[in-house]
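Just so you know, all these numbers are worked out from the coordinates, no wet-lab data involved. Here the structure is a predicted model, which means the values were calculated and not measured. Heads up, the Cβs are rebuilt from the backbone with ideal geometry, glycines too, and the neighbour counts pull from every protein chain shown.
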Amino acid sequence: MLLDTLPSWYRLSWNASQNALQIHIAEAYIAALPPIPDNSPLRIFAEKKVSGDLFASYSLDLTAKQFGFNGSVRRLDATDPKTGFVSFSVALPRVHTSTGMACQECGGTGESDDHRCFHCNGFKLEMKYDWYGAYSITESLQLLFWLLDIRLEAEMHTEVPQLFTLHLCAERSMHGSSMGGHLGKDALKMLRCVIASGKERCVNVERRITEALTQSWQHMMAKCDYDNHNLRVEIREDANLFITCPGDAAGVYTVNENWRASYDKGCDISCHNMDNPTQALACLAGLAVFSEELEKEWLLWNE
Ligand SMILES: [Zn+2]
């Protein structure tokens, strides 16, 4: 994909009204996936998580109603007859939520000594973190991206190229939510077209990605103004995308170092200090909108 055009076998999109990440997978790809044997490392890995009581259930079957741990990836009913893609939906969880009780520190006013209450951050309620749902999603997506990374001989119905491929970590540790992948040569070409079409279009794409990044973050982590300046998107003139999310200079970016030399090669997607699953999921929402915009650009040039 870095050097060749491959017809798309999966795409991402962002469903803002449901705070859901959507993954669309070619039915032909699903049909060509071999059954996963009992002794495969993938199944042993998933089995271990469930028998260790980390999760209640798992499925590795993309033809079933649910995929991944605890049914985190839900298969939607209809296959798009035009493209032959099946859609899957991943509803993002609430991670930082209130217990429903007033904050003890500020007595539910959100302020103490004329400042925002340090204990509840001005939320006025006692807040708690619940990472369980977020990990069940990133661990499911880790499995899904593995399955989508198998080179299968399958005839695809679409002419839209695969724009990028991704992989995702789901470890409960520092850098444990690292992600990366490859941006295909066609995607990079479309990114250059976006940049060439002028400042206004670029700003518009940045704005759309920022909206998805911000909305997904606020859905998971509760709305907090001081996070906002760390939810940033930048498309640089050297054809690189930078998505920044709250954390220690955390974010996802493309590594296109070769912009003058080569117009016919893709590049890597990398990340920095991705320590928790909400960072990864917010960046995925951003990447989903990025791919929607690149696909729009591709259709503009090819239809
Ligand atoms: Zn408080």
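Which percent of Cα-Cα pairs in the stretch 145-301 sits in each 5 Å bin, short to long? Reading upward from the zero bin: 2, 9, 18, 21, 20, 15, 10, 4, 1, 0.
Within the stretch 219-297, the chymotrypsin sites (Phe, Trp or Tyr not before Pro) that combine a DSSP coil assignment with at most 13 other C-beta atoms in a 10 angstrom radius are 263.
Extension gain for the segment residue 203 to residue 5, taken as residue separation times 0.36 nm less the Cα-Cα distance, is 68.5 nm to one decimal. Rounded to 0.05, the FRET efficiency of the residue 47 and residue 17 pair, given R0 = 30 Å and the Cβ-Cβ distance, is 0.25. For residue 61, the residues 5 or more places off, or on other chains, whose built amide H falls under 5 Å of its own are 68. Neighbour counting of Cβ atoms within 10 Å sorts the residues 127, 274, fewest neighbours leading, into 127, 274.
The share of C-alpha pairs in the stretch 112-204 whose separation exceeds 21 Å stands at 63 percent. Each residue, residue 149 and residue 265, gets one label point 7 Å from its Cα in the Cβ direction; the gap between the two is 2.2 nm. Amide H contacts under 5 Å for residue 167: 180, 181, restricted to partners 5 or more places along the chain or on a different chain, H placed in the peptide plane at 1.01 Å from N. Taking each residue as 0.36 nm, the span from residue 79 to residue 97 lengthens on full extension beyond its C-alpha to C-alpha distance by 3.0 nm. Only the Cβ atoms of Lys and Arg (+1) and of Asp and Glu (-1) were treated as charged; on that basis the dipole of the chain about its Cα centre amounts to roughly 200 debye.
Which residue, chosen from 29, 215, 284, occupies the Cα position most advanced towards the positive end of the dipole of the chain, where the dipole is computed from +1 (Lys, Arg) and -1 (Asp, Glu) charges on Cβ about the Cα centre? Final value for the positive-end residue is 29. Each distinct pair of alpha carbons in the stretch 1-142 adds a 1/r term; the inverse of their mean, the Kirkwood radius, is 18.2 Å.
Given the options 194, 203, 95, state which has the largest fluctuation in a GNM of the chain using a 10 Å cut-off (strictly under) for Cα springs. Checking each option, the largest mean-square fluctuation is seen for 203. Starting from the Cα gyration tensor of the chain, take the square roots of the eigenvalues, sort them a ≥ b ≥ c, and report rounded, prolate or oblate (rounded when a/c is under 1.5, otherwise prolate if a/b is larger than b/c, else oblate). Oblate.
The mean sequence distance of close C-alpha pairs (under 8 Å, at least 6 residues apart), as a share of the length of the stretch 140-205, puts its relative contact order at 24 percent. When the C-alpha to C-alpha distance is required to be over 23 Å, the pairs from 128/223; 189/296; 185/296; 82/185; 265/296 that qualify are 82/185.
Among the DSSP helices (H) of the chain, those spanning at least 24 angstrom by Cα along their long axis with an average Kyte-Doolittle hydropathy of -1.0 or more are 199-221, 277-302; this is a geometric and hydropathy rule only. The mean sequence distance of close C-alpha pairs (under 8 Å, at least 6 residues apart), as a share of the length of the chain, puts its relative contact order at 21 percent. Between residue 172 and residue 128, the contour length at 0.36 nm per residue exceeds the Cα-Cα span by 14.1 nm.
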